[in-house]
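Heads up: the structure comes next, in structure tokens.
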Amino acid sequence: MEQYETTVSSRSHFYKVRDINYHFNVWGNEKAPLIFFLHGWADTGSTFQFVVDSFKNEWRIVAPDFRGFGKSDSNKSCYWFPDYLADIDEIKKIFSPDKPLILIGHSMGGNVASMYAGIFPENVSHLVNVEGFGLKESDPNNAPSRYQQWIAKQNDVQAFREYDSLHDLALRIKKKNQNISIERAIYVASQWAEKLDTGKIKLRADPKHKLPNATQYRRSEAEACWRLISAKTLCVFGKNSSFFKEVISIRENNIQKSWLNDSKTVEIPDAGHMIHLENPEFLANEIEDFIMNE
């Protein structure tokens with residue numbers, strides 16, 4: 001199988017973060033300006049490799065694998081979104097104790113980055129949110145059934161699907177992200193998965209991530225955090241993604257002032273939700289232009 005050849009070599013580091021042995025993917029010179037990448041659900045920090053290779057300037061880049069994903073340790077029980085926020089606060093103390101962060105988050109990582117930037121506005125100088133704009137407001141009347149579902153599923157955790165080979169996983173990745181090359185899809189598969197003793201391939205992701213959340217998403221609370229963001233903000237959408245229309249609708253219908261109204265917005269061509277896999281060159285250019293010129 002032909003696999004993507006990296007341009008900038010990555011290094012692995014492990015640090016204890018709130019009782020979890022966290023894995024960090026690190027690129028670049030330690031003296032270069034620091035950028036943090038936060039990955040999405042079931043992804044890993046290592047798949048930002050294509051964006052890193054596309055940068056024209058020298059950066060020091062740190063991309064953790066969130067707890068329960070990639071090479072980081074898993075929780076003993078369920079996963080709670082506030083843990084990610086507390087993790088980022090501890091990670092800042094490790095890598096950038098004295099300077100505010102340049103935070104770039106995709107999908108779930110975009111939600112983490114944006115909420116953190118509102119909770120601790122003094123800790124973030126630049127925020128790039130790539131398709132991570134939350135969910136629709138939940139109905140509180142659904143709370144009883146949600147709690148029932150969460151309790152019922154505790155002893156019925158469904159494993160992630162297994163694959164016969166990395167190539168099979170790569171084909172599935174390419175099917176869901178049509179603009180990614182097969183070479184890059186194979187690289188992503190090699191980062192997402194590991195080989196079992198049976199010879200099968202399984203994702204490096206804790207199945208407990210698939211459990212329903214006991215508490216419903218409260219968009220109004222997320223927006224309360226977002227409104228406190230003081231960082232220079234760039235919102236990034238894939239032209240082929242459904243998120244763009246959804247967020248425009250939210251912006252138009254939101255009576256209260258939203259941080260979205262003060263942000264710069266960029267639409268990336270030839271890309272759906274997984275922009276960093278499908279058009280990393282365009283994304284890298286927009287990120288650098290934003291950081292260096294805004």
Per the filter on the range 21-41, residues part of a loop (DSSP other than H, G, I, E, B) and either buried (at least 18 other Cβ atoms within 10 Å of the Cβ) or among the hydroxyl-bearing types (Ser, Thr, Tyr) (or both) are 28, 39, 40
Evaluate the following for residue 88: is it in contact (Cβ under 8 Å) with a residue 40 or more places away in the chain, crowded, with 20+ Cβ neighbours inside 10 Å, in a helix (DSSP H, G or I) and within 17 Å of the chain's Cα centre (by Cα)? yes
One residue is enough: does the range 21-43 have a residue meeting the conditions basic (Lys, Arg) and either touching a Phe, Trp or Tyr at 6+ places or on another chain (Cβ under 6 Å) or at pLDDT below 95 (or both)? yes
Note on residue 109: of the conditions (1) surrounded by fewer than 17 Cβ atoms within 10 Å (Cβ to Cβ); (2) not in a strand (DSSP E or B), unmet is (1)
Counted residues in the range 72-85 being assigned to a helix (DSSP H, G or I) and either surrounded by fewer than 14 Cβ atoms within 10 Å (Cβ to Cβ) or touching a Pro at 6+ places or on another chain (Cβ under 9 Å) (or both) come to 1
Counting only residues in the range 1-20 that are assigned to a strand (DSSP E or B) and of a type in the set (Lys, Arg), the one farthest from residue 76 (Cα to Cα) is identified as 11
Contact list, first residue from the range 209-230 and more than 11 Å from residue 81 (Cβ to Cβ), second anywhere and among the hydroxyl-bearing types (Ser, Thr, Tyr) and part of a loop (DSSP other than H, G, I, E, B), beta-carbon distance below 7 Å, six or more apart or interchain, is 209/79; 216/138; 223/258; 226/258; 227/258
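The values are calculated or read from the model by the stated rules, or taken from the named source; none is laboratory data. Quick caveat, the model's predicted, so the values are computed rather than measured. Cβ atoms come from the backbone with ideal geometry, glycine included; neighbour counts cover every protein chain shown.
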